[in-house]
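Taking it in order: structure first as structure tokens, then the write-up.
The values are calculated or read from the model by the stated rules, or taken from the named source; none is laboratory data. As the structure is a prediction and not an experimental result, all values here were calculated from the model. Reconstructed Cβ throughout: ideal geometry from the backbone, glycine too, with neighbour counts over all protein chains shown.
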Number of protein chains: 2
Amino acid sequence: MKNPDHLKAIPLFNLVKRSERQRLAGEVTETRYRKGQFIFREGDPAEFFHIVKEGTVKCVKTSSDGKEVTLKVLMPGDLFCCEAAVFDGSPHPGCAQPMGEVSVLRLRKKAYFEMLKRNPDAAVEVIKYLGTRLHEAQEKTKVLALEGADQRLAGLLVSLVERSSVRDESGYRLTVRLTRQDLANMVGITTETAIRIMGRFKRASLVTGTAKRLTILDLPRLKQLASPSVLQTSHS
Amino acid sequence: MKNPDHLKAIPLFNLVKRSERQRLAGEVTETRYRKGQFIFREGDPAEFFHIVKEGTVKCVKTSSDGKEVTLKVLMPGDLFCCEAAVFDGSPHPGCAQPMGEVSVLRLRKKAYFEMLKRNPDAAVEVIKYLGTRLHEAQEKTKVLALEGADQRLAGLLVSLVERSSVRDESGYRLTVRLTRQDLANMVGITTETAIRIMGRFKRASLVTGTAKRLTILDLPRLKQLASPSVLQTSHS
DNA sequence: TCTAAAACATGACAAGCGTCATATTTTATT
DNA sequence: AATAAAATATGACGCTTGTCATGTTTTAGA
């Protein structure tokens, strides 16, 4: 963590002057986590601001009876806990877990806000980032409030292709390992329902494989399922 | 709009210097709306940044088949369309409607971001505001994904008491006019379901009245319904 | 390679909530 | 005060999804 240019890898820090990065370098700690660990738990004090450096992190909320929702899956460059970081003294409203090997940067809230005050461009960037996140959260609200299970799952698969997949012979292979349970938690359905729907999707040749190697075969058709609104003019 | 101190009424603008408010005063337009009108519609170009000055505004998303979700009810001082304001050229992802008489301030996006770059304190304040909004949106996700209709409605009533009610003889009277349909749209259930549940709540003396004068009689019990998690240690 | 654990799969059944239909009451407007 | 429109109310019915139970397959770790 000596060389401040390490931070350049993180988009946010491209916007601050080199001298500022120098200063921040001393404040930033990097920590590695592996599956099964917690980056922080619900209720922990929210002292730090976090950034994903490598790997994938999920933000999870758990209800009293053990049910879970995954609020968001975060990838390198993503900030997390922005929401908690703003409450003075309040604890984390959810927990953060690595999905595999991850590396996370951590910066004390105070240092973070001070840096932003000295770097208005970075502050505006953070505003835009939060705006995007808020927009995503609102889309999710719409989906949960108005759409059925099939539609939600189809929509999720489409967005996963867009966010983290590679083309291969047959379609788009997801580069994140996601079990049916993971998928279920992301869209507010049960694991059994996710399994059943994925079964149907598989039989309809829309997808193939399981967590280890989940591939989307027919993206257009999934898109159609996700937004049944749009009356496709089929010429047949 | 000549006197820049008009803007002082808006918390955000307290953080900028008087000279800055002077400059902004020229950029800000105030518009009044009444029920039935639209402040903007889904799909309109998002050129402006909005702030509620007086009254109540709701942000709504509509699905292709006419169903609606209310994302958020905004009160004086609240910013809206922060989420849309960040996308260059993209249209509004939802619409904004007045709930009664409202007055709205409007500021061109460019002017807004420039102001923030010159006023880092205001920028940090906006970051905190967005953080809070994001947090709320995530809570909503949790509610929609994990809770049943009764629980959602109870939770909504509790938060409405906290946000906009006055004490009266029997309980907390809401100061916003909300029909059962409004309530339903806020928590992703149908109007009929909302009516039925409100009926039960009324019979159980938890609430009374309708939109015109909706009063919460038994807040503690509603809170309990909203988070059944917490095992109340009842000493009987 | 073996073994335990996790993930995937499928069925039966019930609950919850949406849908549609119809009726009454309240509110707003002339 | 009269009338139309909106809001509240209630019932019958069925679909979607959750729940629970049980079994098979895959994955990970010793």
* To do: State all residues of the stretch A:191-206 that are surrounded by 14 or more Cβ atoms within 10 Å (Cβ to Cβ) and in a loop (DSSP other than H, G, I, E, B); if no residue qualifies, say none.
  => A:Leu206
* **Near pairs, Cβ below 6 angstrom, 6+ apart or cross-chain, from the stretch A:64-82 (more than 20 Å from A:Leu178 (Cα to Cα)) to any residue that is of a type in the set (S, T, N, Q) and surrounded by fewer than 20 Cβ atoms within 10 Å (Cβ to Cβ)** => A:Ser64/B:Ser229
* Asked: Pick from the stretch B:93-111 the residues that are surrounded by 22 or more Cβ atoms within 10 Å (Cβ to Cβ) and touching a helix residue (DSSP H, G or I) at 6+ places or on another chain (Cβ under 9 Å): which of them is farthest from the other protein chains (Cβ to nearest Cβ)?
  -> B:Leu105
* Asked: From the residues in the stretch A:34-61 that are closer than 17 Å to B:Gly131 by Cβ and either within 16 Å of DNA strand C (Cβ to nearest atom) or touching a residue at least 60 places away in the same chain (Cβ under 8 Å) (or both), which one is nearest to the chain's Cα centre (by Cα)?
  -> A:Phe49
* With (1) more than 9 Å from chain B (Cβ to nearest Cβ); (2) of a type outside the set (Lys, Arg); (3) assigned to a helix (DSSP H, G or I) as the list, and A:Ser170 as the residue in question, which single condition is left unmet? -> (3)
* Could you tell me which numbered condition B:Ile10 fails, if it satisfies all but one of (1) surrounded by 15 or more Cβ atoms within 10 Å (Cβ to Cβ); (2) more than 14 Å from chain A (Cβ to nearest Cβ); (3) under 15 Å from the mean Cα position of the chain (by Cα)? => (3)
* Structure fact -> Of the candidates A:Val73, A:Val69, the one satisfying the condition of being at pLDDT 90 or above and either surrounded by fewer than 21 Cβ atoms within 10 Å (Cβ to Cβ) or more than 16 Å from DNA strand D (Cβ to nearest atom) (or both) is A:Val73
* Asked: In the stretch A:42-66, what count of residues is obtained for those that are buried (at least 16 other Cβ atoms within 10 Å of the Cβ), charged (D, E, K, R) and closer than 21 Å to A:Asn185 by Cα?
  -> 2
* To do: Find the strands (runs of 3 or more DSSP E) located wholly in the stretch B:78-167 whose residues include 2 or more that are away from DNA strand D (no atom under 16 Å from the Cβ) and closer than 23 Å to B:Arg23 by Cβ, and list them.
  => B:102-108
* Would it be correct to say that B:Ser164 is over 27 Å from B:Thr190 (Cβ atoms), away from chain A (no Cβ under 14 Å) and either of a type in the set (Gly, Ala, Ser) or buried (at least 20 other Cβ atoms within 10 Å of the Cβ) (or both)? -> no
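Go through B:Thr233, B:Thr215 for me and flag whichever is modelled with pLDDT under 95 and more than 14 Å from every other protein chain (Cβ to nearest Cβ).
B:Thr233
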